[in-house]
1. Pairing the Cα long axis of helix 180-192 with the longest principal axis of the chain, what angle in degrees results, from 0 to 90 and rounded to the nearest 10?
2. Using the number of other C-beta atoms within 10 angstrom as an exposure proxy, rank Leu22, Leu30 with the fewest first.
3. Between the alpha-carbon centers of the stretch 127-189 and the stretch 242-318, tell me the distance in whole angstrom.
4. Excluding Thr72 itself, calculate the net charge of residues whose Cβ lies under 12 Å from the Cβ of Thr72, where each Lys or Arg counts +1 and each Asp or Glu counts -1.
5. Using only Cα positions of the stretch 197-317, each an equal point scatterer, no hydration layer, compute I(q)/I(0) via Debye at q = 0.09, 0.15, 0.22, 0.23 Å⁻¹ and quote the log10 values to two decimals.
6. In degrees between 0 and 90, to the nearest 10, how far off the longest principal axis of the chain does helix 27-37 point, with axes built from Cα atoms?
7. What does the charge count around Asp145 come to, taking other residues whose C-beta lies under 12 Å from its C-beta (Lys +1, Arg +1, Asp -1, Glu -1)?
8. Tell me the mean residue ellipticity at 222 nm calculated for the chain from its helices only (DSSP H runs of n ≥ 4, each -39500 (n - 2.57), averaged over every residue, nearest 500).
Amino acid sequence: MVRLWPFAVQRTRGNAAVAVELKTDDEDTLLTFLDSYWRDVIQPLQGAIESSEHSSRQQYPSDPGMVWFRETVSDADFYRRGLREEIQLEELPPAHKSWGGIGRIGATLAIHWPCESKTYEAIAWRMPHVAGQRQLDEKATLDIDQLEGTFLCRDDRLQSSLLAPRGNSPVLFGIRTWEEKIARHAAQTLIEGKMTEPVSGWMIFETNQATNDHLDEPIECIVEHIETIKGGHTIIKSETHQFVAFRESGNLALLCQQLKSGDVIECLGLIAPDQSIHIEFMRIKHLQPQRHRPLCPVCNKSMASMGANQGIRCKKCGHKSEDNWEERERNLPQHVWIQPSPSSRRHLAKPISVDETRQNNI
Ligand SMILES: [Zn+2]
């Protein structure tokens, strides 16, 4: 299961695609089966409009697709393009057989995923026609939160579990792990939990989540200008780039708001269609010292400049002195990577280790 270019115009909500390896001595019979599988299971999903949290973007009716490649194929360059830019139907490597529409793009990319680094996700589905609040055993959920080797299972800042998807979905839960055996153990724990609702099935996927496959080398730049725009998002401009930290990114956004012209930062993130870079990782390399006027030696109030080369003066008592500045250290974390809070992180982004996060103290 691969997560793909998050800005793809006709993407689905989770922006994922799945590939399955099938082995057969009788391809004709398999293709007949795939025809009916397509017709009975996938094609009926065509035209459904998924309501999205991102209501500002234009919605398209779902347009699923399926492709069959006779041999195992792998293409690292094509796969990586599919994480970083829009891919058109016309540029897909030709499949031996294909069904449906736009979904063929994701399907073809999933098949070509070289799987060089991978993580796991155990997914369980609700019983058919069950809707509304998901029932997950509370104790089992807490046990999984404590389990070593899982990631993106919890947002401590919001004190909430990220196991269950939000909104309308046949998925009951997804547990992301570094190792397959932990995914298996965690899924069984949750399914066997007393208060967990019955599941119709579950499966472990190999995924490209948390691999950072979508990122390049960090970009280093000198901050020229910081602006907080409507909605609380922060724009950082340098001579060569424009970066965005979204309000939802929590600590990252707060940190960005405190940057000043002359600070040196390093950033990693995808280039959005408007050419701004959406920050997924940031590290401060150098902070300009904060300059301020000294305090008045007589009454301890701040002194102010009287104009160019005219020295400084206390507004309260009138004490004068030569023009000078004092420098103050700025209390921001340097040389540590910061990333958005878990609930607003991209599926593809690799979490910084807990130890590193604890050192940050912001
Ligand atoms: Zn004074």
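1. 80
2. On the way: Leu22 9, Leu30 15.
Fewest-to-most ranking of Leu22, Leu30: Leu22, Leu30.
3. About 40 Å separates the Cα centre of the stretch 127-189 from the one of the stretch 242-318.
4. Working: positive: Lys23, Arg70; negative: Glu21, Glu71, Asp75.
Charge balance near Thr72 sits at -1.
5. -0.45, -0.80, -1.17, -1.25
6. Tilt relative to the chain: about 70 degrees.
7. Taking every other residue near Asp145 into account, the sum is -3.
8. Details: 7 runs with 66 residues, N = 362.
My calculation for the chain gives -5000 deg cm²/dmol from helical runs alone.
Values in this text are rule-based calculations from the coordinates and carry no lab data. No experiment lies behind these values; they were computed from the predicted model shown. All Cβ positions, even for glycine, are placed from backbone atoms using ideal geometry, and neighbour counts span all protein chains on display.
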